[in-house]
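Reviewing the structure listed below.
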Amino acid sequence: MNSTYFARKNDIERKWYMVDASGIPLGRLATHVAHILRGKHKPEFTPHIDCGDYVVVVNASKVKLTGKKAIDKYYYRHTGYPGHLKQISYGELLSKNPEKVIKLAVKRMLPKNRLGRQMIKKLRVYAGDNYPHIPQKPVKLDIRESKEQV
């Protein structure tokens, strides 16, 4: 009788991937990154174990949105005080903190539990070209050309 394979923490080999976000729509970028962080591209994917890889996103300030979303899209947060709902437009947040735009998009595509909080820690986002993860030798992923996942 064949038994189902479940990966263990010790069996997982983590790789590093690098994605250039310049000119890529935000949603498409976030789905690819979340897929890799979750580990769904691996044959030994196990839903209750964090078996994903590390992802470095560069050129976060050059990510794009289609249509008029740069003006119409808002991010909301609440301070905890009555009537203190804060909002900031996508364009304003992109100019102030471009890393946060990508982190929020990816975080909202991951599980909303301990496992998701563990997965989002493997995401590194940088506004420009420079990143300090050169010793890890990240493999460059080209999202524009690939129709299939990793």
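Here are the numbers:
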item: Paramagnetic reach from ARG114 (point 7 Å along Cα→Cβ, amide N under 15 Å) across region 1-45; result: 9
item: Given charges at Cβ of Lys, Arg, Asp, Glu: region 58-99 dipole, positive-most of LEU85, SER95, ALA70; result: ALA70
item: Peptides ranked, highest mean first, by Cβ atoms within 10 Å: ranges 83-91, 58-66; result: 58-66, 83-91
item: Segment LYS121-ILE12, extension gain: residue separation times 0.36 nm, minus the distance between their alpha carbons; result: 37.6 nm
item: Cα-only Debye scattering, the chain: base-10 log of I(q)/I(0) at q = 0.09, 0.10 Å⁻¹; result: -0.33, -0.40
item: Relative packing of 33-43, 4-14, 110-120, which averages over residues the other C-beta atoms within 10 Å, highest first; result: 33-43, 110-120, 4-14
item: For region 1-31 versus region 57-128, the gap between their alpha-carbon centres in whole angstrom; result: 20 Å
item: Stretchable slack from LYS137 to THR46, in nm (0.36 nm times residue separation minus alpha-carbon distance); result: 30.2 nm
item: Listed residue pairs exceeding 22 Å between alpha carbons, taken from LYS42/LYS121; LYS40/LYS122; LYS40/LYS69; result: LYS40/LYS69
item: Kirkwood-Stokes translational diffusion coefficient of region 18-90, alpha-carbon pairs, 20 °C, 1.002 mPa s, µm²/s; result: 145 µm²/s
item: Lys, Arg +1 and Asp, Glu -1 on Cβ, resulting dipole of the chain about Cα centre, debye, nearest 20; result: 460 debye
item: Proximal charge balance of GLU44 [Cβ under 14 Å; K/R count +1, D/E count -1]; result: +3
item: Bridge type composition, the chain - antiparallel percent by DSSP, nearest 5; result: 30 percent
item: Acute angle (nearest 10 degrees) that the helix 26-38 long axis makes with the longest principal axis of the chain, alpha-carbon atoms; result: 30 degrees
item: Neighbourhood charge, 15 Å Cβ-Cβ cut-off, centred on GLY67 and excluding it, Lys, Arg +1 and Asp, Glu -1; result: +4
item: Isotropically averaged projected area of region 73-150, using the convex hull of Cα atoms (one quarter of hull area), nm²; result: 7.9 nm²
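Bear in mind that the values in this text are calculations on the coordinates, not laboratory data. Bear in mind that the values here come from a model prediction, so they are computed numbers and not experimental data. So basically every Cβ, Gly included, is an ideal-geometry build from the backbone, and we count neighbours across all protein chains shown.
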